1. Within the range 148-157, which residues are touching a Ser or Thr at 6+ places or on another chain (Cβ under 8 Å) and part of a loop (DSSP other than H, G, I, E, B)?
2. Could you name every one of the helices (runs of 4 or more DSSP H) located completely within the range 91-147 that has at least 2 residues being under 27 Å from Leu70 (Cα atoms) and free of Cβ contacts under 8 Å to residues at least 24 places away in the same chain?
3. Under 16 Å from Tyr176 (Cα atoms), open to solvent by 30 Å² or more (accessible area, probe 1.4 Å) and either in contact (Cβ under 8 Å) with a residue 12 or more places away in the chain or among the hydrophobic types (A, V, I, L, M, F, W, C) (or both), is that true of Glu19?
4. Could you figure out which of (1) within 16 Å of ligand 1 (Cβ to nearest atom); (2) closer than 23 Å to Gln190 by Cβ; (3) open to solvent by less than 10 Å² (accessible area, probe 1.4 Å) isn't true of Leu34?
5. Of all residues in the range 187-205, how many are open to solvent by 10 Å² or more (accessible area, probe 1.4 Å) and either without any contact (Cβ under 8 Å) to a residue 40 or more places away in the chain or more than 12 Å from ligand 1 (Cβ to nearest atom) (or both)?
6. Within the range 117-135, can you find the residues that are open to solvent by 20 Å² or more (accessible area, probe 1.4 Å) and either charged (D, E, K, R) or within 12 Å of ligand 1 (Cβ to nearest atom) (or both)?
7. Can you name every residue in the range 250-289 that is more than 23 Å from the chain's Cα centre (by Cα), under 20 Å from Glu134 (Cα atoms) and surrounded by 14 or more Cβ atoms within 10 Å (Cβ to Cβ)?
8. Which numbered condition in (1) surrounded by 13 or more Cβ atoms within 10 Å (Cβ to Cβ); (2) more than 19 Å from the chain's Cα centre (by Cα); (3) of a type outside the set (Ser, Thr, Tyr); (4) at pLDDT 95 or above is the only one that Lys24 fails?
Amino acid sequence: MLESSLEFLRCVRCGTKLELNAFKLNKEIEEGILECKKCSLKFPIIEKIPILWSAFSEYLSSRKKLGGELYQLIQNQKLKKFLKSSLSKINPVDDRTALEIRWSTIYDNSRNSKFYSFVKDNVDTLPKSNLVLEHGCSIGIVTSSLADSNKMVFGIDRSFSALRTAKKSYKNNLDYFVADSLSSIFGKLQFDLILALNILELIEPLELLKHISKQISSGHFVISEPYDFDRGTNSVRKPLDEYTLRTTLKNFGFKITTKTKKPSYIPWTLKLNPRATLNYKVDLIIGKK
Ligand SMILES: C[S@@+](CC[C@H](N)C(=O)[O-])C[C@H]1O[C@@H](n2cnc3c(N)ncnc32)[C@H](O)[C@@H]1O
Ligand SMILES: [Zn+2]
């Protein structure tokens, strides 16, 4: 975590500014604990990545394997103790560790999909921004490129594994946080540009759009969607299609740019393994407030 990110972060439970206890510093904070002095919540920073989950033991409950691996890696004794105590409180459910590693590898192997350069080219036509946020950024393919032309760029994702890959490239105006997109890790901070690429199947669409709408009072919102909502028991409750998504954005006060008024079909190719690819046709919408 960049030391400069501290001023932007807030406690996910009570909105108070966080205090930083840095244990291992290099160019950035490699190990540390962020603490809310008001409600005593603690958030670990492990391998340069802050995990801003309302309860760390809950985060580890579905990532027990990851917890064990991190325990071996951590050098600072206070942080090790915190992890050990969090691990002792977990209530193990289906472990997501392997799944999250698998998808990080798939995104890493799919960096060259034309979809990403298409998004970058479109974002480059927008005014330069002071504060940018990408929700569900995964390994940071787009996030990292945004840092080349905007002032400060943040990416959030619930996958520690994905952010580990994202953190391999260092830029002094780019930082990533493990967090739930629906939580308020930045309090009431307003962004000039927000991106949400291909995440509506995983995060309840209306809740996410409402949350993002509150994070932009004046700026742009770039959203793409393959509308692949059929996920069995994991499906979101209220899926949207290309028309209801546009109407919902308008209802939240966004004006849709002329060139994204009509649904589009941009190829997004994910290389699952050397013999299989997943080919989506994605819709891209740019909204402005
Ligand atoms: C289908 S992938 C898309 C990744 C990337 N945006 C792209 O287009 O290449 C969805 C991403 O959203 C993340 N995600 C899912 N639910 C989330 C949540 N509630 N909060 C934050 N990230 C979430 C996943 O970990 C995953 O990296
Ligand atoms: Zn608090």
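1. Asn150, Lys151
2. Per the criteria, 97-109.
3. It is false that Glu19 is under 16 Å from Tyr176 (Cα atoms), open to solvent by 30 Å² or more (accessible area, probe 1.4 Å) and either in contact (Cβ under 8 Å) with a residue 12 or more places away in the chain or among the hydrophobic types (A, V, I, L, M, F, W, C) (or both).
4. (1)
5. So the answer is 6.
6. Phe118, Lys120, Asp121, Asp124, Lys128
7. Scanning the range 250-289 gives Ile256, Thr257, Thr260.
8. (4)
The values are calculated or read from the model by the stated rules, or taken from the named source; none is laboratory data. Just so you know, these numbers come straight off a predicted model, no measurement behind them. When we count neighbours, we look across all protein chains shown, and the Cβ atoms used for this are built from the backbone with ideal geometry, even at glycine. Ligands, DNA and RNA are stripped out before the accessible areas are found, and what is left, the full protein with its side chains, is counted by its heavy atoms. Shrake-Rupley method; radii C 1.70, N 1.55, O 1.52, S 1.80 Å.
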